[in-house]
């Protein structure tokens, strides 16, 4: 059971965007790690600065078992205004086979997550692209606006049904030729000394006709014990127009959900000295 919980948690983080955004000051905004600098956590993706403008990241915990993935972020400029684009590749085919093999049936009702044993699952390739514009306000606050979209390509096989479990539903609609798009705003700041915070609000839509949508909010509190280690605790909540399972239309599976987030984050090969502003851990 513990292994299943870890796999489900890692997969949820990877597929719901928000949980790829939990490090100190580069994930989720237009900043990038310095060349050679590395960050990683228990759930946090492994990130490394290829150079001062290009950052690579992978999620080993999710990718090793379920969703092979890789992401590149490129920052185009430096200054009070920063612009970056991020491009992520995912291959969720192993995740879909795990659902067909009933890996999660003890955690989530079968009619919301698993596929028929006779369903031929295709090879699926998903692509996520986003633009981030970050503005530095004062010495200890970053405000970031973002817009992005996600789509999937797949080999010929049976049509895949959408997953009616809230954490998976919107992303699963890309399996049926829907484009998932989202926009949001994020604030990173310093509370006091080595205590930081992050707050983010996003709107996510399946298709440009806004057939199904969700409003998601994330909040994190971060303690920087040193320039090489930090601890994070927070939450994610969402409200959306997720459909109920056809076999149980009056399910108590609500359209609102909230669950906690916690992680430990390490930094390696720090090249920049701490300074007396919001980048004090860099």
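In the range 100-137, which residues are modelled with pLDDT under 70 and closer than 24 Å to residue 179 by Cβ? Lay out the reasoning, then the answer.
Filtering the range 100-137 down to residues modelled with pLDDT under 70 leaves 100-117.
Within the range 100-137, 112, 113, 115 meet the criteria.
Output the number of the condition that residue 202 fails; it satisfies all remaining conditions of (1) modelled with pLDDT under 95; (2) touching a strand residue (DSSP E or B) at 6+ places or on another chain (Cβ under 8 Å).
Every condition holds for residue 202 apart from (1).
Answer yes if at least one residue in the range 216-227 is modelled with pLDDT of 85 or more and touching a helix residue (DSSP H, G or I) at 6+ places or on another chain (Cβ under 7 Å), and no otherwise.
Yes, the range 216-227 contains a residue that is modelled with pLDDT of 85 or more and touching a helix residue (DSSP H, G or I) at 6+ places or on another chain (Cβ under 7 Å).
Given the conditions (1) at pLDDT below 85; (2) under 20 Å from residue 83 (Cβ atoms); (3) in contact with a helix residue (DSSP H, G or I) (Cβ under 9 Å, 6 or more places away or on another chain), and given that residue 25 satisfies all but one, which numbered condition is not satisfied?
For residue 25, the failing item is (3).
Go through (1) at pLDDT 95 or above; (2) surrounded by fewer than 19 Cβ atoms within 10 Å (Cβ to Cβ) for residue 84 and report which single condition fails.
Condition not satisfied by residue 84: (2).
Would you please name the residue that is modelled with the lowest pLDDT, looking only at residues in the range 57-77 that are in a loop (DSSP other than H, G, I, E, B) and out of contact with any strand residue (DSSP E or B) (no Cβ under 7 Å at 6 or more places or on another chain)?
In this case the residue turns out to be 66.
Can you tell me which residue within the range 59-81, out of those that are crowded, with 17+ Cβ neighbours inside 10 Å and under 23 Å from residue 134 (Cβ atoms), is farthest from the chain's Cα centre (by Cα)?
Here the answer is 75.
The values are calculated or read from the model by the stated rules, or taken from the named source; none is laboratory data. On a predicted model such as this, the values are computed, not experimentally measured, just so you know. Because the Cβ atoms are built from the backbone with ideal geometry, glycine has one as well, and the counts that use them run over all protein chains shown.
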